[in-house]
1. Taking θ = phi - 60°, what integer Hz values does the Karplus form 6.51 cos²θ - 1.76 cosθ + 1.60 yield along segment 128-138, in sequence order, with x for Gly and Pro?
2. Kindly write out, for segment 9-20 in residue order, the coupling ³J(HN,Hα) from the Karplus curve 6.51 cos²θ - 1.76 cosθ + 1.60 (θ = phi - 60°), rounded to whole Hz, with x marking Gly and Pro.
3. Give the relative contact order (percent, whole number) for segment 570-634; include only Cα pairs under 8 Å separated by 6+ residues.
4. 7 Å from Cα along Cα→Cβ at both Val213 and Glu449: what's the point-to-point distance in nm?
5. Give the residue from Val312, Tyr429, Phe219 lying farthest towards the positive end of the charge dipole for segment 198-487; charges sit on Cβ (+1 for Lys and Arg, -1 for Asp and Glu) and the dipole is referred to the Cα centre.
6. Computed FRET efficiency, Cβ-Cβ of Lys346 and Glu197, R0 30 Å: what is it to the nearest 0.05?
7. Run the numbers for Arg149 and Ala225: contour at 0.36 nm per residue of separation, minus the present Cα-Cα distance, in nm.
8. Can you compute the FRET efficiency between Ser508 and Val131 using 1/(1 + (r/R0)^6), with r the Cβ-Cβ distance and R0 = 22 Å? Round to the nearest 0.05.
Amino acid sequence: MDDTQKYIPPIILALFVSLLPHVVRLPLWVVLWCLFMWAYLLFSIIYNRPKPEKWLKNALALIAFAGLLVTYHTRLDSNAYISLLALMAAIKPFEATTHRDRMVTIFLAYFIVITSLFQSETLSVMIYMFVSVLVTTAVLVRINDSNGRLKTHFRVSAVILLQATPVMLILFFLFPRIDGSLVGITRSDTGVTGFSEVLQPGMVSRLVEEKSVAFRVEFEQEIPAFEHLYWRGIVFSHFDGSAWHRNKNVPEAEITFESINPINYRIILEPHRSRWLFVLDFPEQIPQHASLYADFTVLSNEAVYRTKRYPVISGIRDHTGRSGLPENEYTRVPHTGNPKARALAKKMSAGTGGTEILVDRALDYFRDNDFVYTLNPPLAGKHPIDDFLFDFQGGYCEHYSSAFAFLMRAAGVPARVVGGYLGGEVNPYGNYLIVRQSHAHAWVEVWSEKKGWSRVDPTLAVAPGRLEGGMEGALSPDELGIFATKYLQPFSAFILQARFGWDMVSKSWEAWFSGYSYDQQQALLERLGVDHSHGKGMVKLLAAGLVLVLLLFGVYLLLHMRGKQERPDNVKKLYGKFLRKLARTGIEKQVGDGPLEFAVKATRKRVDLENPIREITDLYVMLRYEDATHGAEAY
């Protein structure tokens, strides 16, 4: 392996580590492209195969660029930029034949590491970024010291990171921030929510095994009982025969009902790329920069592209109280379709004494006809409500809510479907609630003159364990997954505690790191007497930052020079030990004797020690006067 080829494997390692966090977001062909290019390059080095000609490398670059255009068209989001960097990282190592090219390739790895902030600012991402920088810096050191040991390169890299940490903290707190994310870039592709503006069979059930966090909740009082933990997100009011749709023309409204058992809490919402904010039924005080609508949903003025913290006050109740008659939209059903369900609704409504009796009859129908709670119902046909109610009689919450709301409407009672989350996990380390995507749920609201809109959860008629036990309390072990229930069961308690501990640490990190916003920096600067809004304040801030950096640099130089002066001379120490041993035999070195002159005198007195005396003396002279630094490291 020549000098050029020995640099390639560590360079590929640095690029691989820097790109690893992006693998799940990059198109599959981009990932395979990178792996193929790197594998071929390593293969050509190991087996001494020829590398592609210049024209072929140019052709490959054009093909890769064309692939990006086909994949992303005109959508230039962060994933498109990262994909472009990945394709550059795949081809650039083929050109790393000079020192300049190798340095450029390593700087490309650094740039890819920084792009991790485009995706997330969580603690896990930050830890991985530090690992990536550690590896990349070690490779940078190796490029400039090819004969050194790999262990030494990583040690130097770690020292550089530690030395840079104080400067990093100064820049974090004082460098002018943009009112947005840490890097000032709006992320268009992060986060996922359990709901879209259309609710159809299978939409909620597919989230059962999705353990990512939807939001966290901190309560000022005790956490309410689980029967009150209905997290309202979106209301579906239009049914087209198979799916429910959100009404985009719902007017804004003011809170008109009196406070009952108000609960103060703060929600830490993960990005979901939409405007709706999840709140506990029913909101009585909403956050700033948000609006309350007539269906009691709360929408932010802007889409949630990064972690959002907002306070809410809700009243613990399952109905809104007396309110005006709702629009006819809430009683509309398609003119045709699902004839059996229409007939059942007509039968249930015959001779009823009000909405409450009709609701009880519909719930009794679910209880008395062997309905089951399952993730795998058969596919519905032309009449999905009829198929569910009379044929397979099994489904997830969206099936029960859709069928129940249809029965109410077919009987002339206003009804709508609400999408959100139910319950959550109490983290014992922080005493807050974790609501995951797997807690996604759908329920129904019906209207009556006495109570206004009242919550009805038809799912609980067949799976009452869903309320407190979540999906684990409602589904059979077979549906939850054989591996999770059989093989991981002995470790479930440990895994749960570890997950809670990590979540608490991550939450604290996000509150400190991601939560350090533009406004908080302004408040910090005001306490320091710096007015960031004027030019003089900006000059003061930059001057203060420069002084701090220079002060840290001066302290580092002082400690470095002091440590260098106090560092023991191992070569001199060992030579002194050699002289003391000779002195005990009667051979003493005089003040004016040089090492070589003393060696001649010593060998005359002890001919039997001539070889070791000359060997030690020659080694001392070489280490002491020719390469003292190398000698110090050797000893």
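1. Here the 3J(HN,Hα) series is 5, 5, 5, 4, 4, 5, 4, 5, 5, 5, 4 Hz.
2. x, x, 5, 5, 4, 4, 5, 4, 5, 5, 8, 4
3. After rounding, I find 38 percent.
4. 4.9 nm
5. Of the candidates, Val312 comes out farthest on the positive side.
6. 0.45
7. This chain segment gains 21.3 nm when fully extended.
8. FRET efficiency, Ser508 to Val131: 0.60.
The numbers here are math on the coordinates, done by the rules we state, and not lab data. Because the structure is predicted, anything quoted here is derived from the model rather than measured. Heads up, the Cβs are rebuilt from the backbone with ideal geometry, glycines too, and the neighbour counts pull from every protein chain shown.
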